[in-house]
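*Asks:* First the structure, then my questions, so here it is.
The values are calculated or read from the model by the stated rules, or taken from the named source; none is laboratory data. Just so you know, these numbers come straight off a predicted model, no measurement behind them. All Cβ positions, glycine included, derive from the backbone under ideal geometry; neighbour counts span all protein chains shown.
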Amino acid sequence: MMKKIYFREWGLESRNYWMLLAVLAAVAGIGGLAALYMEHHGHWVTGMSNQIVWGTPHVFAIFLIVAASGALNVASIGSVFNKTIYKPLAPLSALLAIALLLGGLLVLVLDLGRPDRLIVAMTTYNFKSIFAWNIILYNGFFVIVGFYLWTVMDRKMKCYYKPAGVTAFIWRLVLTTGTGSIFGFLVARQGFDAAIMAPWFIVMSFGFGLAIYMLVLMDVFKRDQRPLGDAIMKKLKGLLAVFVAANLMFMVTFHLTNLYGTENHAFEAFILLNGGIYTAMFWIGQVLIGGLLPLAILFHPTLSLSRGWLTAAAVMVVVGGWMTIYVIVIGGQAFPMALFPSKTILESGFYDGVNGMASSYTPSVPEVLLGLGGVAVALVVTVIGIRMLKILPLSLADEVADPHAGI
Amino acid sequence: MKNTQDTNQKRRQFLQKGAAVTAIAVAPGVMLHTAAKAKPVGEAVTDAVRWGMLVDAAKCADGCDACVQACNEENGLNLLQKPHDAEDEMWDQQIPKWIRNVKVKDNLTGHVTSLPMMCQHCEHPPCVDVCPTTASFRRADGIVMVDRHLCIGCRYCMMACPYKARSFVHEVVEHKLTRTPRGKGCVESCNFCVHRLDNGQTTTACQDACAKDGHNAITFGDLNNPDSEVSKALKEQSSTQIRADLKLNTGVRYRGV
Ligand code: SF4
Ligand code: SF4
């Protein structure tokens, strides 16, 4: 018989709790100031231009949004696929999903040219636009995951638990497809126009979301001295390895498919060989840090047993994931669009890839601060959430968490 | 669909009003030398007209930027001032440009061509498809433009346009012309000098400037009217669309590219 699992508010000592909250709030506040600064002056104070129109804030925003839907996975495995061991992990999973999405959307909105017109975006829809659909999907995500969290935490709502879990799961798949499709619709940009983009984003979301989930889980349990057994971590570790490997596989497929069509050779050479910072980020960030290194750790017989190494692996998945999005979003814009196939542009008054030259972009400090602010907001929401609500199980020690412990 | 019609209607009315105000403000003399086929001021825009342009690259003189200068003046782009601490090079990448000169060399033959590039006023404009708020829209007469009251500055249209025709206003706008409203944080692009057309005129500033310099590389007019100069020119000789493979049926056609 499985032992009963009790959920309790995060019991961190008051002083430590407020200190942590203050630090996170400060980072979020600085991000807010950075946004105000950019808003006040206009985007000329950033590294963005008419050639690179989506900069670092978009990288953060997309990363967080993608990770948000991935963070919900842990809950889905428990509720949709009935894996008992994951059930106690569900509340944190749902909370993180909401928190990450909030952080990401905030960054996205604050980077708009006219964030003050958010109400226009919420009321005037062009239903042909995948962007408009995403606004609906994001709003729906909050409502559905919020409701799901309620069914998880409130016994009286138990009867809705399963349908809510299934709806949330389907919704998150659609949401990530929607996010990935934003790029799939850019027909003229070689770096984006691929059908594989949407499923690839789903796979990425699994990995990013789970890595963040594991980091938060290990950290909050440690701070509160709650037992976190190896049984759970072993499961999560195995899952992460699968997701990271799948991500690598999609990445290889994406580039191989591109190499198949001659018209994409220049773009492939740009990312894989001669794209400067983007090539470096691809090999070092996307392949090594985000893929091979964490895989090596996760599959290592002894290293993978250490919480320190597990943390390192998860951090790498996050950092490498961020770089992956950077290469996709910014590298895809830097590569010159094929305005005149079979011709070389000798001169241009608008930086149209003269002699095939890529557009340049250097992230500015406020852009980075805004992005980090979004991350901080996500963490603030998480920290307050676990403090106020019964989100965390009192113990995830092996004999509590794993019904088959000892086998 | 009804929704789009409604908003189009709304915009038309808005533009009509705008045009009417401009018409009163601008000296009546302007109206005198307009051609007979010009749309009477205040009348709704219909799809009876499709505005379009033919650029003859063979006539486009290397090193000439008359069209660019004329556009900048006509649409108040020259009024934008570089912020004090902005770097020249960066600023040049951030300032809006509606039309630009491009010089291309054929990889096979080595033939070099100069041509102006601007919004191609696509019949199936990707910029309109992706815009979340319907700010980016196509008028019945084929002009693609941005409603500055609806644009939230998301820049998705800039990502989607295959011709890199759009610019984002990166700075606070201190000076602007009544005929070309502009504000920080919105996206804009060539609108075929819509204020002129709605005012009964039938030429664009770039076309006039090119003709004035004696090059006559730009012909503009109603593609739906078989007797218009542009229709006749298009019928006479072959022309191409840039990136015709995308099947956007552009309103701007090129010859000699
Ligand atoms: S050229 Fe670009 S901005 Fe102009 S209508 Fe086509 S897609 Fe839109
Ligand atoms: S920047 Fe403005 S016009 Fe362009 S897609 Fe966004 S809201 Fe529409």
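*Asks:* Applying the selection to segment B:140-153, what residues are more than 7 Å from ligand 2 (Cβ to nearest atom) and either surrounded by fewer than 21 Cβ atoms within 10 Å (Cβ to Cβ) or assigned to a loop (DSSP other than H, G, I, E, B) (or both)? Let's see the steps before the verdict.
*Replies:* Going residue by residue through segment B:140-153, those that are more than 7 Å from ligand 2 (Cβ to nearest atom) are B:140-145, B:147-149.
Within segment B:140-153, B:Ala140, B:Asp141, B:Gly142, B:Ile143, B:Asp147, B:Arg148, B:His149 qualify.
*Asks:* OK, next. Mind checking whether some residue in segment B:94-114 is among the polar types (S, T, N, Q), assigned by TED's automatic domain parsing to the domain that holds B:Met53 and within 14 Å of ligand 1 (Cβ to nearest atom)? Let's see the steps before the verdict.
*Replies:* So the first thing to find is which residues in segment B:94-114 are among the polar types (S, T, N, Q), and the list is B:94, B:101, B:107, B:109, B:113-114.
Imposing the further condition that a residue be assigned by TED's automatic domain parsing to the domain that holds B:Met53 reduces the set to B:94, B:101, B:107, B:109, B:113-114.
Those still in the list that are within 14 Å of ligand 1 (Cβ to nearest atom) too: none.
No - not one qualifying residue is present in segment B:94-114.
*Asks:* Taking the stated definitions as given, is A:Val244 buried (at least 21 other Cβ atoms within 10 Å of the Cβ) and assigned to a helix (DSSP H, G or I)?
*Replies:* Values: buried (at least 21 other Cβ atoms within 10 Å of the Cβ): yes; assigned to a helix (DSSP H, G or I): yes.
Yes, satisfied.
*Asks:* Here's a follow-up. Looking at segment B:101-118, is at least one residue more than 9 Å from chain A (Cβ to nearest Cβ) and within 16 Å of ligand 2 (Cβ to nearest atom)?
*Replies:* No: zero hits.
*Asks:* If I ask for residues that are within 16 Å of ligand 1 (Cβ to nearest atom) and part of a loop (DSSP other than H, G, I, E, B), which ones from segment B:183-208 would you list?
*Replies:* Listed by number, the residues that qualify are B:Cys186, B:Ser189, B:Cys190, B:Asn191, B:Phe192, B:Cys193, B:Thr204.
*Asks:* Continuing with the same structure: Does at least one position in segment B:160-182 carry a residue that is within 14 Å of chain A (Cβ to nearest Cβ) and assigned to a helix (DSSP H, G or I)?
*Replies:* Scanning segment B:160-182, I find at least one residue that is within 14 Å of chain A (Cβ to nearest Cβ) and assigned to a helix (DSSP H, G or I), so the answer is yes.
*Asks:* Another question, then. Considering only residues of segment B:233-251 that are surrounded by 14 or more Cβ atoms within 10 Å (Cβ to Cβ) and more than 13 Å from chain A (Cβ to nearest Cβ), which is nearest to B:Glu123 (Cα to Cα)?
*Replies:* B:Asn249
*Asks:* Does segment B:131-139 include one or more residues that are within 16 Å of ligand 1 (Cβ to nearest atom), surrounded by fewer than 23 Cβ atoms within 10 Å (Cβ to Cβ), facing chain A (nearest Cβ under 8 Å) and part of a strand (DSSP E or B)? Can you show your working first?
*Replies:* As a first pass, look at segment B:131-139 and keep what is within 16 Å of ligand 1 (Cβ to nearest atom): B:131-139.
When the remaining residues are screened for being surrounded by fewer than 23 Cβ atoms within 10 Å (Cβ to Cβ), the result is B:137-138.
With facing chain A (nearest Cβ under 8 Å) added as a condition, the list becomes none.
Within segment B:131-139, not a single residue is within 16 Å of ligand 1 (Cβ to nearest atom), surrounded by fewer than 23 Cβ atoms within 10 Å (Cβ to Cβ), facing chain A (nearest Cβ under 8 Å) and part of a strand (DSSP E or B).
*Asks:* So which of A:Tyr148, A:Tyr138, A:Tyr161 is within 30 Å of A:Ala34 (Cβ to Cβ) and out of contact with any strand residue (DSSP E or B) (no Cβ under 7 Å at 6 or more places or on another chain)?
*Replies:* Working: A:Tyr148 fails: within 30 Å of A:Ala34 (Cβ to Cβ); A:Tyr161 fails: within 30 Å of A:Ala34 (Cβ to Cβ).
On inspection, the qualifying residue turns out to be A:Tyr138.
*Asks:* Quickly run through segment B:140-159 and pick out the residues that are near ligand 1 (Cβ under 10 Å from one of its atoms) and within 8 Å of another protein chain (Cβ to nearest Cβ).
*Replies:* Hit for segment B:140-159 is B:Met158, nothing else.
*Asks:* Right, here's the next one. B:Gly200 fails exactly one of the following numbered conditions: (1) surrounded by fewer than 24 Cβ atoms within 10 Å (Cβ to Cβ); (2) away from ligand 2 (no atom under 12 Å from the Cβ); (3) within 14 Å of another protein chain (Cβ to nearest Cβ). What is the number of that condition?
*Replies:* Going through the list (1) surrounded by fewer than 24 Cβ atoms within 10 Å (Cβ to Cβ); (2) away from ligand 2 (no atom under 12 Å from the Cβ); (3) within 14 Å of another protein chain (Cβ to nearest Cβ), B:Gly200 breaks only (3).
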